[in-house]
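Trainee: Structure below; questions to follow.
The values are calculated or read from the model by the stated rules, or taken from the named source; none is laboratory data. Everything numeric here is computed off the predicted structure, so don't read it as measured data. Neighbour counts run over all protein chains shown; Cβ positions are idealised from the backbone, glycine included. Calculation scope for accessible area: heavy atoms of the full protein, side chains included, ligands and nucleic acids excluded. Shrake-Rupley method; radii C 1.70, N 1.55, O 1.52, S 1.80 Å.
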Amino acid sequence: MQINSVCVSENNLFLPNLNLKLNGQLKLLFKGVSYVVMQGSKDRSLDFAWYLSNLLGIADMRFFTPVNLFNTNNFCAYRVGDVLCVSHGMGSSSILLLLSELTKLLYFSECFNVKYIRVGTSGGIGVAAGTVIVTNKVFAADLVDAYTVYENGEAVLYPTVMDQELNQGIFDQLPKSLEFKVQLANSISADDFYLSQARFDGALKPSYDYQLRSSYFDRIKKLGIANFEMEGLALSYFCGRVAIPATMVAVTLVDREDSDQIRVSKEVLESYSLRSRDVVCSYLLSKI
Ligand code: R2B
Ligand code: URA
């Protein structure tokens, strides 16, 4: 991990978006974390912590419940052994707030070799719903494979490649006899769910028609992109800059070539979401 060292100097110890002050007591809670599993919602992070605790046999989960280590309604963090299960909200701005303050916290807690994995959902492009995509590289919606940051008012572009070793590790440890496909592919991170993902079912009338959308999807597929989501760009750029190995494992809920709407039942959707969780847990169990 390589971070801006002044960020943990004496005058910079408050993390406003987590509502925490870096101190010795906090360090004891986070020291030793080697993996962070990130998900959009707080409920999913709690479920993940619960599931992993059960798998590891850490406690009889009929009698214990994971404790949230953050002090805000915006994000949560549950620790299971060396794994921290956190929520990041939706979109680049939300995950960047989390990444900045969490990384400061983990650096302060001397977790210098931590790895980050986002476990998410996405919309597939030309892949069957329920396929799990492990991301290689992330593109913006304009199909540029870089993240544009406005630093002091100037646009700066940064690379968006996920960690290849981490990806290989995930493929090496895939659960046996899977009933679904796990595929390495590129992803698009959009700024919203509707127009930036070329949908027709949002509140705003699109400026494109079906023919233009179809040629956009063709260009997408030629770039080896298989899914749309909303946080991968920020995650890959941020982790590249601080030298934290990171990747994203996201199940597809729909094939966007067939439909804009996600039509499968609540139960099927739930079972799809568990697929990315199982892929990541299988990897984690081989490491911790
Ligand atoms: C996937 O699903 C969410 C939008 O529904 C968003 O957070 C994402 O990346
Ligand atoms: N998340 C997205 O961002 N897009 C989808 O189509 C589904 C989930």
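Trainee: Looking only at trypsin sites (Lys or Arg not before Pro) in DSSP loops with at most 16 other Cβ atoms within 10 Å, what is the longest site-free stretch of the chain?
Mentor: Longest run free of exposed loop sites: 63-175.
Trainee: So, one more: Calculate what fraction, in whole %, of the accessible area of the chain sits on carbon and sulfur atoms when a 1.4 Å probe is rolled over the protein chains.
Mentor: About 50 percent, which is the carbon plus sulfur part of the accessible surface.
Trainee: So for the chain, averaging the separation of alpha carbon pairs under 8 Å that are six or more residues apart and normalising by length, what relative contact order in percent results?
Mentor: Relative contact order for the chain comes out at 24 percent.
Trainee: Now a separate question. Report the charge-dipole magnitude of the chain in Debye, nearest 20, computed about the Cα centre from +1 at each Lys and Arg Cβ and -1 at each Asp and Glu Cβ.
Mentor: Value, rounded to 20: 460 debye.
Trainee: Label points 7 Å out from Cα along the Cβ direction at residue 261 and residue 11: separation in nm?
Mentor: 5.7
Trainee: How large is the helix-only mean residue ellipticity at 222 nm for the chain, computed as the sum of -39500 (n - 2.57) over DSSP H runs with n ≥ 4, divided by its residue count, in deg cm²/dmol to the nearest 500?
Mentor: Dividing the helical sum by the residues of the chain leaves -10500 deg cm²/dmol.
Trainee: Here's another thing I want to ask about it. Using only the Cα atoms of the chain, build the gyration tensor, take square roots of its eigenvalues as a ≥ b ≥ c, and label the shape rounded, prolate or oblate: rounded if a/c is under 1.5, else prolate if a/b is larger than b/c, else oblate.
Mentor: It comes out oblate by the Cα gyration axes.
Trainee: Given springs between every Cα pair under 10 Å in a Gaussian network model of the chain, which of 99, 26, 253 has the largest fluctuation?
Mentor: 26
Trainee: By the gyration tensor of its Cα atoms, with a ≥ b ≥ c the square roots of the eigenvalues, what is the shape of segment 49-197: rounded for a/c under 1.5, prolate for a/b over b/c, or oblate?
Mentor: Oblate, because a/c is 1.5 or more while a/b does not exceed b/c.
Trainee: Under a plain spin-label model, where a point goes 7 Å from the Cα along Cα-to-Cβ, how far apart in nm are residue 217 and residue 172?
Mentor: That separation, rounded to one decimal, is 3.8 nm.
Trainee: Angle, helix 266-287 long axis vs. longest principal axis of the chain, Cα atoms, 0 to 90°, nearest 10?
Mentor: So the inclination is approximately 50 degrees.
Trainee: A further question on this structure: Enter the accessible area per residue of the chain (Å², integer; probe 1.4 Å; all protein chains in place).
Mentor: 48
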